[in-house]
Amino acid sequence: EPSAKVIDGKSVAKQIREEISAEVTKLKEAIGVVPGLAVVLVGDRKDSATYVRNKKIACESVGIKSFEVNLPNDASEQEVLKYISDFNGEPLVHGILVQLPLPSHMNEQNILNAVMIEKDVDGFHPLNIGRLAMRGREPMFVPCTPKGCIELLHRYGVDIKGKRAVVIGRSNIVGMPAALLLQREDATVTIVHSRTKNPEEITRQADIIISAVGQPNMVRGSWIKPGAVIIDVGINPVEDASSPRGYRLVGDVCYDEACKIAAAITPVPGGVGPMTIAMLLSNTVSSAKRAYNFN
Ligand code: NDP
């Protein structure tokens, strides 16, 4: 008898997109500014191309203008840096996003460092991450996926303050900033990673679990404290002969087992995924407003 409440990221994201769309209209009517997002895609990875296309479509749906640069896999780092530098100086562009991963011959650090922090809508610039980690400092932008996780907790009325939170995974783009954000929200945070011994003993103490690992169904029902809230960031393909594509997507958390124990859980797909793009749009509009001191 599944009892967990389903945290419906798809419908929350839709609501947020409507809010953003109204803000974009207001900004345009008041001061004639259209927010702009530049996306830099290098190489021909199919998954990256899909993400970029979805971001573009989402931009258009709320009235954000998108600029796209598509470079071949053998482009040089200098070329990428040149485009970033142009976008840094382009007043119609308020956000710059470099789709990761970059081809292996490029230095990701050099490229992410080149995005000016006022346009770093992914929040990956070390200065933004550093500010996120420091008490009393404010980043210009917070990374989209972890921001979406916290937004889901807020919109579902989940108390974070004083709660025990466990983040599984410590990547620069999801796990680490998710842990920093939870700490800023006054949770007591523990991070579990691939070298953690007996992770299930740690996760069983959590009131809130954010999982960003990339291992299908790793978090079993027995890892979860009754009544915990689960945010599952993982997007993992598993073979499924009954699906037309031959695979389907599952999270890091064994959904059927977790549903019987948790108080609330995000589905995969339809949980965190749609929130990531909604937060990107939100960051882009905030950036345009900040550029013109518009509230
Ligand atoms: P990374 O591969 O960069 O990081 C995975 C993290 O999980 C690492 O910190 C790693 O530990 C840890 N880990 C790996 N195996 C285990 C294990 N057996 N036990 C405990 N920890 C483990 O992945 P990302 O953070 O980029 O992505 C994680 C997942 O989230 C993926 O499925 C990805 O597809 C999905 N994702 C979803 C997004 C969305 O919009 N919903 C956006 C971004 C990612 P260590 O540091 O020790 O190596």
Sort out which residues of region 278-295 are hydrophobic (A, V, I, L, M, F, W, C) and surrounded by fewer than 22 Cβ atoms within 10 Å (Cβ to Cβ), and write them in order of number. Ala291, Phe294
Just checking, which of Met134, Met176 is within 11 Å of the ligand (Cβ to nearest atom) and not assigned by TED's automatic domain parsing to the domain that holds Leu97? Met176
Residue match in region 88-95 (condition: in contact with a Pro (Cβ under 8 Å, 6 or more places away or on another chain) and surrounded by fewer than 23 Cβ atoms within 10 Å (Cβ to Cβ)): no
Residue check for Glu68: more than 17 Å from the chain's Cα centre (by Cα) and either at pLDDT below 95 or in the same structural domain as Asn88 (by TED's automatic domain parsing) (or both): yes
Check Ile235, Ile209 and return the single one that is open to solvent by 10 Å² or more (accessible area, probe 1.4 Å) and within 15 Å of the ligand (Cβ to nearest atom). Ile235
Spans of helices (runs of 4 or more DSSP H) in region 105-196 with at least 3 residues without any contact (Cβ under 8 Å) to a residue 60 or more places away in the chain and in contact with a helix residue (DSSP H, G or I) (Cβ under 7 Å, 6 or more places away or on another chain): 108-114, 126-133, 175-184
Given the options Lys119, Lys197, Lys161, name the one that is away from the ligand (no atom under 16 Å from the Cβ) and either at pLDDT below 95 or over 18 Å from the mean Cα position of the chain (by Cα) (or both). Lys161
Can you tell me which residues in region 63-77 are assigned to a loop (DSSP other than H, G, I, E, B), crowded, with 17+ Cβ neighbours inside 10 Å and in contact with a strand residue (DSSP E or B) (Cβ under 9 Å, 6 or more places away or on another chain)? Ile64, Ala75
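The values are calculated or read from the model by the stated rules, or taken from the named source; none is laboratory data. All values derive from a computational prediction rather than experimental measurement. Backbone-built Cβ (ideal geometry, glycine too); neighbour counts: all protein chains shown. Accessible surface areas use protein heavy atoms only, side chains included; no ligands, DNA or RNA. Shrake-Rupley method; radii C 1.70, N 1.55, O 1.52, S 1.80 Å.
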